[in-house]
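Colleague: One structure follows; several queries about it will come next.
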Amino acid sequence: LAASDSDGVASYHQVLDQQSLRRLQLGTELEQAMADGQISVVFQPIIDARTSDIVSVETLVRWAHPRFGAIPPDEFIHLAEQIGRIGPLTDHVLDLALARCRRWLDQDIALSVAVNLSARCLAEPDLVERVQRSLRRHGVPGELLILELTEGSVVDDSVRSSTVLAELHALGLRLSMDDFGTGYSSLSQLRQLPIDEVKIDKSFVLGMSTSQGESFIARSIIELAHNLGLRVVAEGVEDELTRKLLTEMGCDKLQGFLVSRPLPDERLESWLLARTG
Ligand code: C2E
Ligand code: CA
Ligand code: CA
Ligand code: CA
């Protein structure tokens, strides 16, 4: 938009106003939306690259808004962070994830469940206690929970986060470095922190079948991670060629539309049944 164009400027302000209005409304509705069940989760399967066995599921939050329809998580996660409500939202997602995990356990399915942890959460003084309480409430062993962190969150305040991460690790759960390759974490940090696995960001994986450059990045990340004793998950695996390349490179786990889209609980159960026969 040209700043000199008065019409352009007016519509620019209008767009801003509509956006801030929507944000304002979503912000005030977030808490009630959780209570009303508008905020739910879906689960995306992650498989062992060699055996194709399902090893875990990633929990992804969804907001079905009565007026706006489906609101993408990227929009309201960021909003929740800004208005200081990411803590309650994370607790809500963790609660839904562990409740499901408990039900799978009751059906003799020991499936690990991954939950995304926003950068802000690491700074909350009671995070470890809340995670521990949630595990206890649902009777889920810490070994079945994976927390996915983003690189930035760990680098921002590395002394404090390494303490928090060590405490989380002591609960038995696993820590996964999400969106790996897009941030600025250093190798030494990866080595010092109690991280168990890295997830190659889908921006690299999506281009693998068409670009040698992307394949080279994926290969480098896998080699690097393995040298540090970490497991590697590739997300955004959409086609057979990419699956084949990643498996040949020794990538440990795969996630993406080729395996399955994120599924609501009932559909995950039928998906599991269909695969295990
Ligand atoms: P993410 O953690 O990197 O999650 C992976 C995203 O990639 C998901 O988008 C998933 O649906 C999508 N995806 C999976 N496989 C494929 C594929 O093969 N191709 C393509 N193109 N995309 C694929 P989604 O569900 O829209 O979530 C977007 C982001 O929102 C997540 O990125 C995560 O950063 C954030 N998010 C979602 N749920 C939560 C949550 O409960 N808490 C927090 N803090 N963040 C969340
Ligand atoms: Ca994730
Ligand atoms: Ca990711
Ligand atoms: Ca992402």
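Colleague: State all residues of the range 221-238 that are over 25 Å from Ala110 (Cα atoms) and surrounded by 17 or more Cβ atoms within 10 Å (Cβ to Cβ); if no residue qualifies, say none.
Modeller: Selection gives Ile221, Ile222, Ala225.
Colleague: Right, something else. Going residue by residue through the range 112-122, is there one that turns out to be at pLDDT 95 or above and more than 16 Å from ligand 4 (Cβ to nearest atom)?
Modeller: Yes, the range 112-122 contains a residue that is at pLDDT 95 or above and more than 16 Å from ligand 4 (Cβ to nearest atom).
Colleague: Hey, among the residues in the range 202-220 that are within 16 Å of ligand 2 (Cβ to nearest atom) and not hydroxyl-bearing (Ser, Thr, Tyr), which one's least open to solvent (accessible area, probe 1.4 Å)?
Modeller: Selected residue: Val205.
Colleague: All but one of (1) at pLDDT 95 or above; (2) within 16 Å of ligand 3 (Cβ to nearest atom); (3) in contact with a Leu (Cβ under 6 Å, 6 or more places away or on another chain) hold for Ile195; state the number of the condition that does not hold.
Modeller: (1)
Colleague: On to the next question. For a quick check of your reading of the model, give me the residue pairs whose first member lies in the range 55-78 and is on the phi < 0 side of the Ramachandran plot and within 16 Å of ligand 4 (Cβ to nearest atom), whose second is assigned to a loop (DSSP other than H, G, I, E, B) and open to solvent by less than 10 Å² (accessible area, probe 1.4 Å), with beta-carbon atoms closer than 8 Å and at least 6 apart or on different chains.
Modeller: Glu58/Gln255
Colleague: Still on this structure, I have one more. Residues in the range 122-148 that are of a type outside the set (A, V, I, L, M) and within 16 Å of ligand 3 (Cβ to nearest atom): how many?
Modeller: Matching residues across the range 122-148 total 1.
Colleague: I would also like to ask the following. Select, from Leu268, Leu241, Leu175, Leu245, the only residue that is open to solvent by less than 20 Å² (accessible area, probe 1.4 Å), over 30 Å from Ser162 (Cα atoms) and either in a helix (DSSP H, G or I) or more than 15 Å from ligand 4 (Cβ to nearest atom) (or both).
Modeller: Leu268 is the lone residue from the list that is open to solvent by less than 20 Å² (accessible area, probe 1.4 Å), over 30 Å from Ser162 (Cα atoms) and either in a helix (DSSP H, G or I) or more than 15 Å from ligand 4 (Cβ to nearest atom) (or both).
Colleague: Something else about it: Which residue pairs have Cβ atoms closer than 6 Å, lie 6 or more positions apart in sequence or on different chains, and pair a first residue in the range 83-109 that is of a type in the set (Val, Ile, Thr) with a second residue that is surrounded by 21 or more Cβ atoms within 10 Å (Cβ to Cβ) and in a helix (DSSP H, G or I)?
Modeller: Once the first residue is of a type in the set (Val, Ile, Thr) and sits in the range 83-109, its partners that are surrounded by 21 or more Cβ atoms within 10 Å (Cβ to Cβ) and in a helix (DSSP H, G or I) give Ile86/Ala80; Thr90/Cys121.
Colleague: Looking at (1) crowded, with 20+ Cβ neighbours inside 10 Å; (2) small (Gly, Ala, Ser); (3) at pLDDT 95 or above, which one does Gly139 not meet, given that it meets all the others?
Modeller: Failed condition: (1).
Colleague: Please determine, by comparing only the residues of the range 198-214 that are within 14 Å of ligand 3 (Cβ to nearest atom) and of a type in the set (A, V, I, L, M), which one is farthest from Thr242 (Cα to Cα).
Modeller: Among residues in the range 198-214 that are within 14 Å of ligand 3 (Cβ to nearest atom) and of a type in the set (A, V, I, L, M), the one farthest from Thr242 (Cα to Cα) is Val198.
Colleague: Please enumerate the residues belonging to the range 184-201 that are buried (at least 22 other Cβ atoms within 10 Å of the Cβ) and within 15 Å of ligand 1 (Cβ to nearest atom).
Modeller: Across the range 184-201, the qualifying residues are Val198, Lys199, Ile200, Asp201.
Colleague: Ok, one more. With open to solvent by less than 10 Å² (accessible area, probe 1.4 Å), under 30 Å from Gly139 (Cβ atoms) and not in a helix (DSSP H, G or I) as the only criterion, which of Val113, Val55 stands out?
Modeller: Only one candidate qualifies: Val113.
Colleague: Pick from Asp74, Asp48: which is within 19 Å of Gln255 (Cβ to Cβ), acidic (Asp, Glu), modelled with pLDDT under 95 and open to solvent by 10 Å² or more (accessible area, probe 1.4 Å)?
Modeller: Step by step, each of Asp74, Asp48 is checked, and only Asp74 is within 19 Å of Gln255 (Cβ to Cβ), acidic (Asp, Glu), modelled with pLDDT under 95 and open to solvent by 10 Å² or more (accessible area, probe 1.4 Å).
Colleague: Scan the range 179-194 and tell me whether some residue there is assigned to a helix (DSSP H, G or I), farther than 27 Å from Glu143 by Cα and either of a type in the set (A, V, I, L, M, F, W, C) or away from ligand 2 (no atom under 16 Å from the Cβ) (or both).
Modeller: No - not one qualifying residue is present in the range 179-194.
Colleague: Moving on to the next point. Considering the range 248-265 alone, what residues qualify as being open to solvent by less than 50 Å² (accessible area, probe 1.4 Å) and not in a loop (DSSP other than H, G, I, E, B)?
Modeller: Lys253, Leu254, Leu263, Asp265
Colleague: Right, another one. If Glu151 passes every condition in (1) farther than 30 Å from Leu272 by Cβ; (2) surrounded by fewer than 21 Cβ atoms within 10 Å (Cβ to Cβ) but one, which one does it miss?
Modeller: Among (1) farther than 30 Å from Leu272 by Cβ; (2) surrounded by fewer than 21 Cβ atoms within 10 Å (Cβ to Cβ), the lone unmet condition for Glu151 is (2).
The values are calculated or read from the model by the stated rules, or taken from the named source; none is laboratory data. Everything numeric in this text was worked out from a predicted model, so none of it was measured. Neighbour counts are summed over all protein chains in view; Cβ atoms, including those assigned to glycine, are modelled from backbone coordinates with ideal geometry. Only protein heavy atoms, including side chains, enter the accessible area calculation; ligands, DNA and RNA are left aside. Shrake-Rupley method; radii C 1.70, N 1.55, O 1.52, S 1.80 Å.
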